[in-house]
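Down below is the structure, laid out as structure tokens.
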Amino acid sequence: MQGNKEEIVTTKSRCSFFVVGVFLFLSFAATFDAAAAPADISFFKGKTVTYIVSTKTGGGYDTYARLVAKYMQKYLPGSKVIVKNVPGAGHIVGANTIYAAAPDGLTIGTFNTGLVYGQILGQEGIQFDLNKFSWIGKANSETRVVIVGAKTPYKTFKDLQDSKVPIKMPSSGVGSEDHNETLILAAALPVKFQPIPGYSGKEAEMAILRGEVPAVLGSYTGLYGLILAKEGRPVLQYGSENKIPGLENVPHINSMKLSPASRNMVNLVNAIDIIGRLTAAPPGMPAGRLEVLRDAYKKALTDPDLIKDAKKSSLDLDPAYGEEVQKLVAASINQPAENLKMLRDIIK
Amino acid sequence: MEVWDAVWAGFAGATGWPAFGLMLMTIPIGLVIGMIPGLGGNLGLALLIPFTFGMDPTSGFAFLLGMHAVVHTGGSIPAILFDTPGTGPNAATCIEGFPMAQKGEAGRALGAALTSSMVGGVLGAIFMAMVIPIVRPMVLAFGPPEFFMLAMMGVAFISLMSGNSILKGLMAGGMGFIISFVGMDPQTGVVRFSFGVLNLMDGINIVTVVVGLFAVAEVIDMGLKKGGIAHGKSPNLKGSGVMQGVKDCFTNWWLLLRCSLIGQMIAMIPGLGGDAAAFICYGHALQTTKRKNEFGKGCVEGVIATDAAHNSKEGGGLIPTLAFGVPGSSGMAILLGAFLVLGVSPGKEMFSDHLDLVFSMVWVLVFANIIAVAICLPLAGSMAKITFLRTSVMIPFILSFGLLGSYLTTSRISDILITVLFGVIGYGMKKFDYARGPLILGIVLGKIAENALHVSLSLYGMSFVFRPIASVILLITLTTIFFPVYQAHAKKKKLMEAAK
């Protein structure tokens, strides 16, 4: 009897456990459901999403941002995605603004990946931690090139490395991305690059034409004019490994034999160039909402109309999404202490 | 003979269908973009380039250049009427343009600005066609040492712009230099004069300063004085004065021709920039004028010089883009993107295989400049009337237009504060008789001079001074400084002897 009663009780309690369990499961599922796509995508209905661009209107960042914003709006039904330019301090003000915004999904934005150097070196004014941003995706990978002037005696990158005299390289200024890259490549490859700061914008290319400097480095999209006009010969490419017509015979930095320490440095340079035209959101965003944004971003970047629009403006695309970008960023910043020390010594 | 064939082929291309129609479509866009501060030619190009997809190269460039050629033509209009430059290079137009409006000569200023823009633009295009054979040595002869010397030549103009007191002018110019140093120093990576304000790390934009120094300062002045911009002046010239302005351009044809040439030359050499071109021409006008005492108070020659410069530079800016694939300005950098969309490679082949395309661009520049002015001139008279409105009507208008312009140029709210600050400084300068031109000149030239000096020293050491062109420019500068001193001295000596 006793046993029976107990059994009944147990059965009863099992029953109630079961009911409670089902109830809990259902409610969990409901909560989970609320956090997942369908419920949270409705959050954006009638809302305005601000896409912050850390430069002024008209430039490359602005053009990519307007393209991405237009198509993200398409995949966040009922929403309005507006672009707001917050330039200042070489993208720092914009990045600070995105970082400090409420993580409700209504503020996202873009800035230069070169800020990785700024964070590693503890640059003045930085109020963000790139590790903590909620990464949504990136639209392009940058192929970068080292170009020698057409009239210089250098034919290959090896020739530059063998040079007895320092190779003067134009740079826009101490602390700028091209300046840092020049110094890192000089130390890692090694090659006797000597940056000459003070060349702003297109002045660097003019310096090649005038023969003031034998070589220049920069993004392929920035320098292809020189290559097309046969005024410069590309001798090395780094950053993205995507095949670019015309650069088939130019060796990639990844095929060079390097010491492990040098390889680490080069990997950092590559990583920063690969995360091009990124989109990020403030840290601490609810997982569900971030998922919706990532999803909309992915749908936008794979939309055939976006691809057509990008082609019309000659904007290259090489997108990556969510987690993958988060990992790329983390890998570039979270370097072992000795690497960081070496970097600081090189760039300083 | 081959060249003439290309000239005619280019003409046929530019006047053909649909190229001509496309150009007509984008000219008004260029004018409006120019008039609204903050919307420059760069943004215009970025917006228009997607539409060129699928066009043939001739039509594509007609479409883009039609807009880009006339941006500064539009930009002079708010500079004259509201003391707010539509684009950076139009800043120089404010110096004489607005004082003319204050004298009741807004129509004349507009007429002169528009006509000289047109002539400058047309001449710039023609010069561009003429220098094609010698473009390489000409453009490449100017490097950082020469930029430094050119900047120093500009600095020598401070003495001319100073008005009554050279000392005050030098103080203003020095202040301008210091302001140009605000922000990140490329040589050391250290931020200067930012007082910890992040937005100052990028430096201070020239439009932000000009709107404050001129527009806001004038508003303060007007508020304290009462009356319209052209207070107490009835339109004393026949009609609106627009035709008088047009005539002025022809009576000063020699100045117009020289400034068109200077503007085009400066634009051909990437590195100095359009802002500097307009100011150097202004300085040149001052140096050669017979009416020095009228400058700063609304002299039509100043308007002619600056406006010829900023439109002629569009032709010049195309040259390095076409010849070397190196854009002469940020606008040209965007245009270079269009080359890819349109499937044309810049470089030497441009001048051998695609010479007809080059000439079609020359023709587009010519037509666009003429058509733009044909659109604006008939409207100039009505636009000028705005300056005769009561102060109480004008002040809010100028103030909101100016502050909006300052904000739109940089998209930074904080820059409105800087503009207001410079408004107070500008009013003080006006009241205590400090010329404001030298301060602006200092800002425009400071950064160029500093960078060029550093780069020259690291490339050549002190011997950069002895590079041939650099030393010639230095000699000219020294002569312009010391010749008047010598003249004054000789005159004094003569008088002394006569007295004896």
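The values are calculated or read from the model by the stated rules, or taken from the named source; none is laboratory data. Not measured: the values here are computed from a predicted model. Using ideal geometry, Cβ is built from the backbone for each residue, glycine included, and neighbour counts are taken over all protein chains shown. Areas reflect the complete protein model, heavy atoms only, side chains present, ligands, DNA and RNA absent. Shrake-Rupley method; radii C 1.70, N 1.55, O 1.52, S 1.80 Å.
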- line: Bridge orientation stat for the protein assembly as shown from DSSP, antiparallel percent rounded to 5, came to 60 percent
task: Evaluate peptide B:176-188: per residue, the Cβ atoms of other protein chains within 10 Å of its Cβ; return the mean as an integer.
output: 3
- request: Using a 1.4 Å probe over the heavy atoms of the protein chains, calculate the carbon and sulfur portion of the accessible area of region B:424-478 as a whole percent.
  value: 77 percent
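Under the rule a/c < 1.5 gives rounded, and otherwise a/b versus b/c splits prolate from oblate, where does region A:143-271 land using the Cα gyration tensor?
rounded
Could you list the trypsin sites (Lys or Arg not before Pro) in region A:183-256 that lie in coil according to DSSP, counting only those with at most 11 other Cβ atoms within 10 Å of their Cβ?
Working: sites: A:192, A:202, A:210, A:230, A:243; in loops: A:192, A:202, A:230, A:243.
Within region A:183-256, the qualifying trypsin sites (Lys or Arg not before Pro) (loop, at most 11 other Cβ atoms within 10 Å) are A:243.
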- prompt: Got a sec to turn the phi values of region B:410-425 into Karplus ³J(HN,Hα) couplings, 6.51 cos²θ - 1.76 cosθ + 1.60 with θ = phi - 60°, whole Hz, x for Gly and Pro?
  reply: 10, 6, 10, 4, 4, 5, 5, 4, 4, 4, 5, 4, 5, x, 5, 4
message: Under the rule of at least 5 residues apart or a separate chain, name every residue whose amide H is placed under 5 Å from the amide H of residue B:345.
response: none
- prompt: Just counting partner chain Cβ atoms within 10 Å, what average do the residues of peptide B:193-201 show around their Cβ?
  reply: 4
message: What are the ³J(HN,Hα) couplings of region B:392-404, residue after residue, when phi is run through the Karplus curve with 6.51, -1.76, 1.60 and θ = phi - 60°? Round to Hz, x for glycine and proline.
response: 4, 7, 6, 4, x, 5, 4, 4, 5, 5, x, 5, 5
- prompt: Expressed as a whole percentage, what fraction of the accessible surface of region B:243-387 belongs to carbon and sulfur atoms when a 1.4 Å probe is rolled over the protein heavy atoms?
  reply: 65 percent
- request: Just order B:246-253, B:192-199, B:352-359 by mean Cβ neighbour count inside 10 Å, highest at the front, would you?
  value: B:352-359, B:246-253, B:192-199
task: Might you work out the accessible area of residue B:255 for me, using a 1.4 Å probe with all protein chains in place, and round it to the nearest 10 Å²?
output: 10 Å²
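Would you compute, from DSSP H runs of 4+ residues alone, the mean residue ellipticity of chain A at 222 nm, taking -39500 (n - 2.57) per run and dividing by the full residue count, rounded to the nearest 500?
Result for chain A: -15000 deg cm²/dmol, rounded to the nearest 500.
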- prompt: Can you give me the Cα centroid spacing of region B:175-204 and region B:73-143 in angstrom?
  reply: 29 Å
- prompt: Given the rule -39500 (n - 2.57) for each run of at least 4 DSSP H residues, summed and divided by the residues of chain B, what is its mean residue ellipticity at 222 nm, to the nearest 500 deg cm²/dmol?
  reply: -24000 deg cm²/dmol
task: Would you work out which of A:182, B:352, B:474 lies farthest towards the positive end of the dipole of the protein assembly as shown, given +1 charges on the beta-carbon of Lys and Arg and -1 on that of Asp and Glu, about the Cα centre?
output: B:474
statement: Within the under-10-Å Cβ sphere about residue B:108, not counting residue B:108, Lys/Arg +1 and Asp/Glu -1 give a net charge of 0
- line: Taking the chain alone as reference and the full protein assembly as comparison, with a 1.4 Å probe on protein heavy atoms only, the residues of region B:45-85 that lose at least 20 Å² of accessible area are B:46, B:50, B:53
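Would you tally the net charge around residue A:91, using a Cβ to Cβ cut-off of less than 13 Å, leaving residue A:91 out, and scoring K and R as +1, D and E as -1?
Taking every other residue near residue A:91 into account, the sum is -1.
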field: 0 to 90° range, to nearest 10: angle between helix A:287-301 axis and chain A longest Cα axis
entry: 50 degrees
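Where both residues lie in chain A, what percent of DSSP beta bridges are antiparallel, nearest 5?
Just about 55 percent of them are antiparallel.
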Neighbour net charge for residue A:79 - beta-carbon separation under 14 angstrom, K R +1, D E -1: +4
message: With the crude spin-label approximation of a point 7 Å out along Cα→Cβ, what separation in nm comes out for residue B:482 versus residue B:466?
response: 1.9 nm
A versus B: buried accessible surface, summed, Å² (probe 1.4 Å, to nearest 100): 3700 Å²
- prompt: Given H placed on each backbone N at 1.01 Å, which residues far from residue A:171 in sequence or on other chains put an amide H within less than 5 Å of it?
  reply: A:196, A:198, A:199
query: Using a 1.4 Å probe, what is the accessible area per residue for region B:2-466, in Å²?
result: 35 Å²
- request: Check the cysteines of chain B one by one and keep only those with no other cysteine Cβ under 4.7 Å from their own.
  value: B:94, B:249, B:299, B:376
statement: Using alpha-carbon positions, the gyration tensor of the protein assembly as shown gives root eigenvalues a ≥ b ≥ c; with a/c under 1.5 called rounded, otherwise prolate if a/b exceeds b/c, else oblate, the class is prolate
message: Using each residue's phi in region B:65-73, evaluate 6.51 cos²θ - 1.76 cosθ + 1.60 at θ = phi - 60° and report the 3J(HN,Hα) Karplus result to the nearest Hz, with x for Gly and Pro.
response: 6, x, 6, 5, 5, 10, 4, 6, 4
- prompt: So for chain B, taking the charge dipole from beta-carbon charges (+1 Lys/Arg, -1 Asp/Glu), which of B:126, B:322, B:257 sits furthest toward the positive end?
  reply: B:257
statement: Quick note, region A:57-210: a/c under 1.5 would make it rounded; otherwise a/b > b/c is prolate and the rest oblate (a ≥ b ≥ c, C-alpha gyration tensor); here it is prolate
message: What's the ranking of B:465-473, A:72-80 by average number of surrounding C-beta atoms within 10 Å, highest first?
response: A:72-80, B:465-473
